[in-house]
Amino acid sequence: MVARERLRLGVLISGSGTNLQAIIDASADGSLEADVAVVVSNVADAFGLERARRAGIPAVFLDRDAFGTGAEYSGEIVRVLREHGVGLVVMAGYMRLLGSVVLDAFPGAVLNIHPALLPSFPGAHGIADAFAYGVKVAGVTVHFASAVFDEGPILAQGCVEVAEDDTLETLEAKLHAVEHKLYPLAIQAIASGSARVDGRKVHIVPEV
Ligand code: GRF
């Protein structure tokens, strides 16, 4: 097998960063052949920034209010990602819509994770919405990002049964556990070159 250069990830966060941590851990244990090159947050005190620092990864807070237009802000995100040689942008609890400036700078190379089985229950409250709806199966989705929130070709999904005695809290815990396994696996499909996008369909083909 030909040695590949390890994929460099730019992870965008807004919060606690448990998915970021799962990615850092998978990178460290060798199950993910990619490295987190930089973490960018739009929230100054996001705990994910601290997780990055503890792992020796550059952690950058970018204040939306310090930039005039959304395009200027997105341009700064692109500059930071490029400065760190990022090949794949990974949104992990990034709670802003990513502008076309970033999507155009990294065509087909931006991922998002959403804690529901898309296209059901998009938006900021996917788990609560699915639970309130009374679904019997809930899940998470990793997808390529597009200019529309929680849209774009699906790379991977994982699901859990909603048990009779599940509460919103227990369902959240189950889904986050699925996320933490699924996101590194989905990123590895890209790192290994086995993900092929064909329109809306993403085919996972064996490594060559
Ligand atoms: C996750 O549930 C993710 O699916 C959603 O935001 C949450 C982020 O959690 N987009 P964390 O910051 O990774 O802990």
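The values are calculated or read from the model by the stated rules, or taken from the named source; none is laboratory data. Here the structure is a predicted model, which is why all the values come from computation and not from measurement. We place every Cβ from the backbone using ideal geometry, glycine too, and count neighbours over all the protein chains shown.
Within region 52-74, the residues that satisfy the criterion of being farther than 22 Å from residue 152 by Cα, touching a residue at least 12 places away in the same chain (Cβ under 8 Å) and not β-branched (Val, Ile, Thr) are 52, 55, 58, 59, 61, 62, 63, 64, 73. Within region 115-150, the set of residues being of a type in the set (D, E, K, R) and at pLDDT 95 or above comprises 129, 136. Restricting attention to region 104-129, the residues that are more than 14 Å from the ligand (Cβ to nearest atom) and within 14 Å of the chain's Cα centre (by Cα) add up to 2. Total residues in region 21-43 satisfying the condition of being touching a strand residue (DSSP E or B) at 6+ places or on another chain (Cβ under 7 Å) and either within 15 Å of the ligand (Cβ to nearest atom) or assigned to a helix (DSSP H, G or I) (or both): the figure is 7.
Sort out which residues of region 99-113 are of a type in the set (A, V, I, L, M) and in contact with a Phe, Trp or Tyr (Cβ under 9 Å, 6 or more places away or on another chain), and write them in order of number. Within region 99-113, 101, 109, 110, 111, 113 qualify.
Among the residues that make up region 12-23, is at least one of them closer than 30 Å to residue 173 by Cβ, touching an Asp or Glu at 6+ places or on another chain (Cβ under 9 Å) and among the polar types (S, T, N, Q)? Yes; the residues of region 12-23 include at least one that is closer than 30 Å to residue 173 by Cβ, touching an Asp or Glu at 6+ places or on another chain (Cβ under 9 Å) and among the polar types (S, T, N, Q).
Look at (1) closer than 20 Å to residue 187 by Cβ; (2) away from the ligand (no atom under 16 Å from the Cβ); (3) hydroxyl-bearing (Ser, Thr, Tyr) and you find that residue 100 fails only one, number (1). Scanning region 1-20 for residues that are in a loop (DSSP other than H, G, I, E, B) and near the ligand (Cβ under 8 Å from one of its atoms) yields a count of 4.
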